Amino acid sequence: MEKTSLEKENSPSNTDFLSLNPSTLEVIGKVENTSPEEIDAVIEKAKKAQKLWAAKPDSERKEVLLQVAEALQSNSKYLAEWITKEQGKPLNGPGANFEMQACVGWTQVPASLDLPEEIVFEDETRKDILYRTPIGVVAAIAPWNWPLMIAIWQIIPSLRMGNAVVIKPSEYTTYCSLEMIKVINRVLPEGILQVVTGRGEVGSYLTGHPEIGKIMFTGSIATGKKVIEASAGNMARLTLECGGNDAGIILPGFDVAKHIENIFWGAFLNMGQTCACLKRLYVHEDDYEKLIEVLSDYSANIPMGNGADENVVLGPVQNKMQYDKIQDLIHDAENTGADFLFKGQKPDLEGYFIPVTLIGNVDNGDRIVDEEQFGPVLPIIKYKTLEEAISKANDSENGLGASVWSDDVDQAQKVAAQMEAGTVWINQHGAIHPFVPFGGAKQSGYGLEFGIEGLKAVTIPKVISIKK
Ligand code: NDP
């Protein structure tokens with residue numbers, strides 16, 4: 001296979017975007033930009049297919065989606081290999097095989113849930129019934145960090161409720177997404193799930209299209225704001241998951257060693273490239289040394305390398321843009337006097353590898369604390385009082401997740417109640433579940449995914465009001 005160098009890859013002057021294997025920098029293929037005319041045709045086809053799909057009995061839609069779950073299960077090994085090759089996360093550990101199992105689970109649950117009509121009011125004069133009707137054509141804009149799992153979060157609830165979906169995968173993870181969509185489309189009726197590919201402008205044209213009724217977006221805050229602007233034209237409903245800069249607070253005296261696995265993976269799941277990863281960790285000054293010791297010892301034993309190697313559980317970061325962004329934050333920390341408390345082994349490979357890095361002597365106001373690093377670099381911040389820790393944790397434009405770590409769950413719940421986030425986990429971080437609603441506070445976005453709330457979000461509530 002042809003090789004590229006870090007320097008040559010996908011510069012703005014290079015119009016042909018190349019998808020690469022981030023472990024080896026081998027070229028997987030060129031990513032075509034779907035043209036505006038082609039997108040128009042895709043949406044026209046989706047509109048027609050949606051009408052037929054919505055007219056089917058609910059039980060039939062459920063059955064078809066359960067067959068999709070089976071198809072994902074039986075192709076999970078194949079698709080996991082594609083994820084590893086293009087996204088970079090290892091097959092093993094909480095990696096590509098884990099992502100595929102999540103795809104199966106997040107298909108089965110919405111396929112099994114029901115959202116029946118509801119009598120919202122009734123007396124001797126009237127009866128009011130709330131129905132949930134399909135919106136029409138949903139535009140799904142998926143990111144590169146969990147390319148298949150997040151696509152499933154967007155696709156399955158939308159289809160379950162009788163919509164059609166047009167999805168644009170991230171340009172970085174186009175090929176693995178196309179493979180999954182092929183598998184799903186062997187089961188679905190034609191036209192209700194279609195894909196367009198290419199750079200951000202393709203997403204921009206799609207989201208601004210007058211026939212789009214709903215946009216499901218996961219990505220950065222900056223792009224989320226562009227999606228909001230696009231929706232001013234078509235009044236599309238929005239579900240925006242714009243990432244976070246999640247804080248964790250370890251309460252004094254916590255048994256860190258007992259929970260170290262959860263702390264480590266809370267921060268370093270998918271090399272930290274997870275919307276709801278632990279990205280800033282606050283610890284009482286008396287417990288600081290112990291935490292560094294235990295977390296460094298644990299981190300030293302986690303193998304990093306090419307994710308296709310079955311002994312590896314940490315891989316590269318996904319792309320050059322992200323690699324440069326993390327390196328920039330590391331250099332800024334170096335230049336402003338941070339302590340580098342631990343640095344893991346970097347494999348001797350050409351890809352975008354950044355070793356697990358623990359950074360101390362930093363505080364709110366430093367870029368590595370204030371900005372979402374989205375990488376395997378964790379700032380650890382000492383605090384003196386709990387009030388100070390809560391105030392610093394909340395001092396962010398983001399509010400996706402947060403965590404509190406304590407052996408005293410009652411006290412942890414009191415702290416959790418004061419944290420500004422859509423979800424606060426206790427003694428775990430990022431532990432999402434297909435039955436449990438998930439969404440952000442502040443600039444982390446709005447709209448809920450998962451469970452019944454997630455189904456509601458891809459419908460239009462319609463009341464039929466009967467006079468008695
Ligand atoms: P973006 O927000 O740019 O990308 C997310 C998705 O939006 C991609 O499919 C992208 O396409 C698409 N897109 C880009 N521009 C537009 C537009 N104008 N209209 C509609 N869709 C568009 O994220 P980046 O890849 O640039 O990553 C930047 C940062 O975002 C990361 O460093 C991280 O902090 C955060 N991020 C958060 C994620 C999360 O899970 N919440 C996931 C990914 C990133 P394309 O990739 O083809 O440009």
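Filtering segment 169-196 down to residues that are in contact (Cβ under 8 Å) with a residue 60 or more places away in the chain and charged (D, E, K, R), which residue is nearest to the ligand (Cβ to nearest atom)?
First, pick out the residues of segment 169-196 that are in contact (Cβ under 8 Å) with a residue 60 or more places away in the chain: 171-176, 179-180, 183-184, 186-192, 194, 196.
Now restrict to residues that are charged (D, E, K, R): 171, 179, 186, 190.
Numbers: Glu171: 3, Glu179: 17, Arg186: 24, Glu190: 24 Å.
Checked segment 169-196; the qualifying residue nearest to the ligand (Cβ to nearest atom) is Glu171.
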Listed by first then second residue, the pairs whose first member lies in segment 31-46 and is over 18 Å from Val138 (Cβ atoms), whose partner is open to solvent by less than 80 Å² (accessible area, probe 1.4 Å), with beta carbons under 6 Å and at least 6 positions apart or on separate chains, are Val31/Phe17; Val31/Ser19; Val31/Glu171; Val31/Thr174; Val31/Thr197; Glu32/Thr197; Asn33/Gly198; Asn33/Val202
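From the list Ala96, Ala49, Ala71, pick out the single residue that is modelled with pLDDT of 95 or more and either in contact with a Ser or Thr (Cβ under 8 Å, 6 or more places away or on another chain) or surrounded by fewer than 17 Cβ atoms within 10 Å (Cβ to Cβ) (or both).
Numbers: Ala49 fails: either in contact with a Ser or Thr (Cβ under 8 Å, 6 or more places away or on another chain) or surrounded by fewer than 17 Cβ atoms within 10 Å (Cβ to Cβ) (or both); Ala71 fails: either in contact with a Ser or Thr (Cβ under 8 Å, 6 or more places away or on another chain) or surrounded by fewer than 17 Cβ atoms within 10 Å (Cβ to Cβ) (or both).
Among Ala96, Ala49, Ala71, only Ala96 is modelled with pLDDT of 95 or more and either in contact with a Ser or Thr (Cβ under 8 Å, 6 or more places away or on another chain) or surrounded by fewer than 17 Cβ atoms within 10 Å (Cβ to Cβ) (or both).
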Give me the residue from segment 394-416 that is polar (S, T, N, Q) and not in a strand (DSSP E or B) and, out of that set, nearest to Ser444 (Cα to Cα).
Ser396
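When you scan segment 25-35, how many residues do you find that are more than 15 Å from Pro169 (Cβ to Cβ) and under 24 Å from the mean Cα position of the chain (by Cα)?
1
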Selection count where residues are under 17 Å from Ile263 (Cα atoms), hydrophobic (A, V, I, L, M, F, W, C) and surrounded by 16 or more Cβ atoms within 10 Å (Cβ to Cβ), scope segment 387-415:
5
Collect the residues in segment 125-168 that are within 17 Å of His209 (Cβ to Cβ), part of a helix (DSSP H, G or I) and away from the ligand (no atom under 16 Å from the Cβ), keeping them in residue-number order.
Ser158
Can you tell me how many residues in segment 185-208 are more than 22 Å from Gly29 (Cα to Cα) and either among the small types (Gly, Ala, Ser) or open to solvent by less than 20 Å² (accessible area, probe 1.4 Å) (or both)?
8
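Based on this model, can you work out whether Lys382 counts as of a type in the set (Lys, Arg), away from the ligand (no atom under 16 Å from the Cβ) and in contact with a strand residue (DSSP E or B) (Cβ under 9 Å, 6 or more places away or on another chain)? Step through it out loud before you land on a result.
Numbers: of a type in the set (Lys, Arg): yes; away from the ligand (no atom under 16 Å from the Cβ): yes; in contact with a strand residue (DSSP E or B) (Cβ under 9 Å, 6 or more places away or on another chain): yes.
Answer is yes for this residue.
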Taking the conditions exactly as written (touching a Ser or Thr at 6+ places or on another chain (Cβ under 8 Å), open to solvent by less than 60 Å² (accessible area, probe 1.4 Å) and over 18 Å from Pro90 (Cα atoms)), does Ile330 satisfy them or not?
yes
Any chance segment 366-383 includes a residue that's free of Cβ contacts under 8 Å to residues at least 12 places away in the same chain and closer than 23 Å to Asp255 by Cα?
no
Just wondering, is there one or more residues in segment 237-247 that are open to solvent by 30 Å² or more (accessible area, probe 1.4 Å), basic (Lys, Arg), within 16 Å of the ligand (Cβ to nearest atom) and farther than 14 Å from His429 by Cβ?
yes
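With surrounded by fewer than 19 Cβ atoms within 10 Å (Cβ to Cβ) and under 17 Å from Val283 (Cα atoms) as the only criterion, which of Lys346, Lys384 stands out?
Numbers: Lys346 fails: under 17 Å from Val283 (Cα atoms).
None of the others qualify; the one that does is Lys384.
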Considering each residue of segment 218-236, count those that are of a type outside the set (A, V, I, L, M, F, W, C), touching a residue at least 40 places away in the same chain (Cβ under 8 Å) and more than 6 Å from the ligand (Cβ to nearest atom), and give that number.
1
Is it the case that His259 is open to solvent by 10 Å² or more (accessible area, probe 1.4 Å), in a helix (DSSP H, G or I) and of a type outside the set (Val, Ile, Thr)?
yes
Could you tell me how many of the residues in segment 197-216 are near the ligand (Cβ under 7 Å from one of its atoms), touching a residue at least 60 places away in the same chain (Cβ under 8 Å) and over 16 Å from Val42 (Cβ atoms)?
1
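Among the candidates Gln322, Gln327, Gln318, Gln273, which residue alone is within 16 Å of the ligand (Cβ to nearest atom) and over 18 Å from the mean Cα position of the chain (by Cα)? Quick ask: steps written out before the conclusion?
On the way: Gln322 fails: over 18 Å from the mean Cα position of the chain (by Cα); Gln318 fails: over 18 Å from the mean Cα position of the chain (by Cα); Gln273 fails: over 18 Å from the mean Cα position of the chain (by Cα).
One residue alone meets the criteria, Gln327.
The values are calculated or read from the model by the stated rules, or taken from the named source; none is laboratory data. Keep in mind that this is a model prediction, so the values were computed, not measured. Reconstructed Cβ throughout: ideal geometry from the backbone, glycine too, with neighbour counts over all protein chains shown. Accessible surface areas use protein heavy atoms only, side chains included; no ligands, DNA or RNA. Shrake-Rupley method; radii C 1.70, N 1.55, O 1.52, S 1.80 Å.
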